[in-house]
């Protein structure tokens, strides 16, 4: 698969010696102040990062030695549960292992139920890492660019990279849940406001997530 870089302005770009990628390197503001030589070298190095997926820079893997036997067993159990959910909802089987690892890793790190994260991923994008909505939300967890794009740029987060998108989305969800409760946090993740239409849309969204999660939505 050709590596894809993320840009808040250009969205997805195939990395390599093509006109669109070189134009991005020269014009987009995050590259503008760098020399052409530095840009090219960075682009080449980035291609290796995207071709050989590993733990994301913002989401370092937990060393095996730091995990207890109970932690390892819990992660393995969560991985099986998440994998079953993804397969049951028709996610591309070649994509499933990487998505499972990203969900279990980020969920464990931030204290969020990985089944809940998997449910949101299924509702938001069907686990398509290159999904783009009409509202300019991107990736597995449909990160809304107008709300979060500037932070993604600042933290050098590639929203089309599975690990980065899930990690960023789980961080957002974690903060919403911490400020309220689980299902109100999910509603706020959807973008709930005080407007009646927004509240109704958020309620329907929560019910979709609950159905996939395994709960019977309250009417």
Next item on the list: Multiply the residue separation of residue 73 and residue 182 by 0.36 nm, subtract the distance between their alpha-carbon atoms, and state the gained length in nm to one decimal.
Entry: 36.8 nm
Note to self: At a threshold of 8 angstrom on Cα-Cα distance, excluding pairs fewer than six apart, so keeping six or more, what relative contact order does the stretch 166-219 reach in percent?
What the structure shows: 21
Check: Tell me, Kirkwood radius of the stretch 64-213 from alpha-carbon pair distances, in Å?
Finding: 15.6
Item checked: Descending Cα extents along the principal axes, the stretch 132-219, whole Å -> 41, 27, 26
Checklist line | Net lengthening on full extension, residue 147/residue 193 (0.36 nm per residue, minus Cα-Cα) | finding: 15.2 nm
Check: Among 202-214, 136-148, what's the highest-first ranking by average C-beta atoms within 10 angstrom per residue?
Finding: 136-148, 202-214
Check: In units of 2.2 N^0.38 Å, what is the alpha-carbon radius of gyration of the stretch 72-115?
Finding: 1.07
Item checked: Ranked packing of 95-104, 112-121, most packed first, by mean Cβ within 10 Å -> 112-121, 95-104
Check: Looking at the stretch 112-157, what % of the alpha carbon pairs are farther apart than 14 Å?
Finding: 52
Margin query: Pairs of alpha-carbon atoms within less than 8 angstrom and 6+ residues apart define the contacts here; what relative contact order does the stretch 64-213 have, in percent?
Written below: 18
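Each value in this text was obtained by applying a stated rule to the coordinates, not by laboratory testing. What you see is a predicted model, and the numbers here were worked out from it, not measured in a lab. Glycine gets a Cβ as well: all are built from the backbone with ideal geometry, and neighbour counts include every protein chain shown.
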